[in-house]
1. Treating the angle as unsigned and between 0 and 90°, give the value, to the nearest 10°, between the Cα long axis of helix 2-22 and the longest Cα principal axis of the chain.
2. Using only helices, what value at 222 nm comes out for the chain when you add -39,500 (n - 2.57) per DSSP H run of length 4 or more and divide by the total residues, to the nearest 500 deg cm²/dmol?
3. What spacing in nm lies between the two simple spin-label points modelled at K85 and N158, each 7 Å away from Cα in the Cβ direction?
4. Place +1 on the Cβ of every Lys and Arg and -1 on the Cβ of every Asp and Glu in the chain, take the dipole about the Cα centre, and give the residue among G130, F257, V201 whose Cα lies farthest towards its positive end.
5. Find, among the chymotrypsin sites (Phe, Trp or Tyr not before Pro) in the stretch 158-267, those assigned to loop by DSSP (not H, G, I, E, B) with at most 10 other beta-carbon atoms within 10 angstrom.
6. Cut-off 20 Å, label point 7 angstrom out along Cα-to-Cβ of T166: give me the residues of the stretch 220-249 whose amide nitrogen falls inside.
7. Which label marks the calculated value of Rg/Rh (Cα atoms, Kirkwood Rh), given the options (i) 1.23; (ii) 0.97; (iii) 0.99?
8. Could you work out the Rg to Rh ratio of the stretch 133-174, with Rh taken as the Kirkwood radius (inverse of the mean 1/r over all Cα pairs)?
Amino acid sequence: MKSICQSFIYILTITLLITACNKKELAITPTAVVKMTLQGYNADDTLEVVKGNEVLTTLKANSTFQALALVVIRNDKEQIGLRKKRTKEIISTIDVNRAPFQQLKKIFFDGKTVSDKMEVTPVSNPGNIGFRLWFTTDFPYFYGGPVDFVISKVTYDNITYDFTFTPVKTIKNVGNTFSEFIELPLLTSTEQETSLYILRVFKAGTTELPYKEGVDLSALPEPQFYYCPIDGLRAGQSALFKVSPYYYGEKQLGESFMLEDIAYFFR
């Protein structure tokens, strides 16, 4: 009797399955694969892109990055995570849809917060240049707080060898993020005069350099010449400038700052 009941249940189950298939009530989602490109900037240690416990790719530490991950999709969408390689801490998650096959994700990680909303602001006048500024460094003698960016125009007389400094704009109290957008007219030079924009960095609210007591300043030029030229931009172009001081060893500052434009990874 038990065998007859089991057979009846088996036949009933198969019948219901066939009926459901005929009525298209039994939906089976096929597996898909997405080619995900991740690009941007990581201001911290190496990051891992993970799906569950599987490491799909890694994002370079303290650097711009462009990495590829193949994501298997078994549902309408899947979730991948960003985690710190050293501590295994998940710092953000990303939803990946089944389509299209090729997808792009732009990521900016300032060491504390992950953002996928970073944009390159266009200039309003095609004859101008534009940029945002972000000060970041692992120099041990950086004082660790917000900074003021002071932009000036310097004109050099190629005949008299004189320098003329003209204040242009001060962006105050910029923390661990990009500043407001600055748009300026493109400068032109002549045979007699060379003109360019320059950038100085101070501890917020002061005219002091943003470093701790004990820093070695022996390599620095005169204070008025401790600056970084803002160059390399063409008319109509915008930049995201990462600003960092040159330094040697653990405590000696270099002669200037370095500007790195990371806008390419967010256009």
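What follows is calculated from the coordinates using simple rules that are stated; it is not laboratory data. A quick note: this is a predicted structure, and the numbers were derived from the prediction, not measured. Positions of Cβ are generated from backbone atoms using ideal geometry, with glycine treated the same way; all protein chains shown enter the neighbour counts.
1. It is inclined by approximately 50 degrees.
2. Values: 1 runs with 21 residues, N = 267.
So the helix-based figure for the chain works out to -2500 deg cm²/dmol.
3. Roughly 4.8 nm, to one decimal.
4. G130
5. Numbers: sites: Y161, F163, F165, F178, F181, Y197, F202, Y211, F225, Y226, Y227, F241, Y246, Y247, Y248, F257, Y264, F265, F266; in loops: Y161, F178, F181, Y226, Y227.
Those satisfying the criteria are Y161.
6. Inside the label zone: 224-225, 227-236.
7. Working out Rg/Rh (Cα atoms, Kirkwood Rh) from the coordinates points to (i).
8. Values: Rg = 15.0 Å, Rh = 12.8 Å.
Using Cα coordinates only, the ratio equals 1.17.
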